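Okay, structure first, notes after.
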Amino acid sequence: QVQLVESGGGLVQIGDSLRVSCAASGRTFSRNPMGWFRQAPGKEREFVAAISWNSADAYYADSVRGRFTISRDNAKNTVSLQMNSLQPEDTAVYYCAATSRFLLSTVTTAYNYWGQGTQVSVSS
């Protein structure tokens, strides 16, 4: 059974940094893209960042580009999201996603494996 388990969420202040990580088990994703999405209360789940299997390419949402960095460790089957200069609008549940496909995508429907999510709250 494939599982994605996020960790590292929490409550921070404006301008703080936070790193969330995701560990995959049950299969390897070393040849597949992985990504992060988020969902704020009352809003649809939205794309945050995605990374290709070899880390050569990464996509970012306009709202986080320059502040967030996605990375992965294929040996450990993990993907992480370093979040800097956090703002209240970054408050959301952050979901790790992986796909059995091979194209890097920003679309939720392209990912067929999802974690349970980790809460990130930025206090003003």
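The values are calculated or read from the model by the stated rules, or taken from the named source; none is laboratory data. Values in this document were obtained by computation on a predicted structure and should not be read as measured data. Here the Cβ positions follow ideal geometry from the backbone for every residue, glycine too, while neighbour counts run over all protein chains shown. We work out accessible area using only protein heavy atoms, side chains counted, and drop any ligands, DNA or RNA first. Shrake-Rupley method; radii C 1.70, N 1.55, O 1.52, S 1.80 Å.
Per-structure values
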| quantity | calculated |
| --- | --- |
| Only Lys, Arg (+1) and Asp, Glu (-1) charged, at Cβ; the chain dipole about Cα centre in debye | 360 |
| Radius 15 Å from Cβ of LEU104, net charge of other residues (Lys, Arg +1; Asp, Glu -1) | +2 |
| Karplus-derived HN-Hα couplings along the stretch 105-115 (A = 6.51, B = -1.76, C = 1.60, θ = phi - 60°), whole Hz, x at Gly and Pro | 9, 9, 9, 4, 5, 7, 10, 10, 10, 9, x |
| Contour excess over end-to-end distance, with Cα ends at SER25 and GLN1 and 0.36 nm allotted per residue | 7.9 nm |
| Distant-in-sequence amide H partners of MET34 (H built 1.01 Å from N, under 5 Å) | ILE51 |
| Sites matching trypsin sites (Lys or Arg not before Pro) across the stretch 1-80 that sit in DSSP coil, with at most 13 neighbouring C-beta atoms within 10 Å | ARG31, LYS43, LYS76 |
| GluC sites (Glu not before Pro) lying in DSSP loop within the stretch 1-104, provided at most 14 other Cβ fall within 10 Å | GLU44 |
| Accessible area of the chain belonging to carbon and sulfur atoms, whole % at 1.4 Å probe | 47 |
| Unit charges at the beta carbon, dipole of the chain: most positive-side option, PHE37, SER52, VAL122 | SER52 |
| Length gained when the stretch ASN112-GLN82 is fully extended (0.36 nm per residue, less Cα-Cα span) | 8.5 nm |
| Karplus-derived HN-Hα couplings along the stretch 29-39 (A = 6.51, B = -1.76, C = 1.60, θ = phi - 60°), whole Hz, x at Gly and Pro | 10, 5, 10, 10, x, 9, x, 10, 10, 9, 9 |
| Evaluated over the stretch 6-65, the Cα radius of gyration and Dmax, each in Å | 13.4, 37 |
| Karplus (6.51, -1.76, 1.60) ³J(HN,Hα), θ = phi - 60°, over the stretch 79-86, in Hz, Gly and Pro reported as x | 9, 10, 9, 8, 10, 10, 6, 5 |
| The stretch 44-124: chymotrypsin sites (Phe, Trp or Tyr not before Pro) falling in loop per DSSP and having at most 12 other Cβ within 10 Å | PHE102 |
| Length gained when the stretch LEU103-ASP73 is fully extended (0.36 nm per residue, less Cα-Cα span) | 9.0 nm |
| Residues whose placed amide H lies under 5 Å from that of ARG67, excluding near-sequence neighbours | none |
| Alpha-carbon Rg with Dmax, taken over the chain, Å | 13.3, 40 |
| Accessible area expressed per residue, the stretch 37-124, with surrounding protein chains retained (probe 1.4 Å, Å²) | 52 |
| Per-pair calculated FRET efficiency, R0 = 25 Å: ASN54 and SER121 via Cβ, rounded to 0.05 | 0.15 |
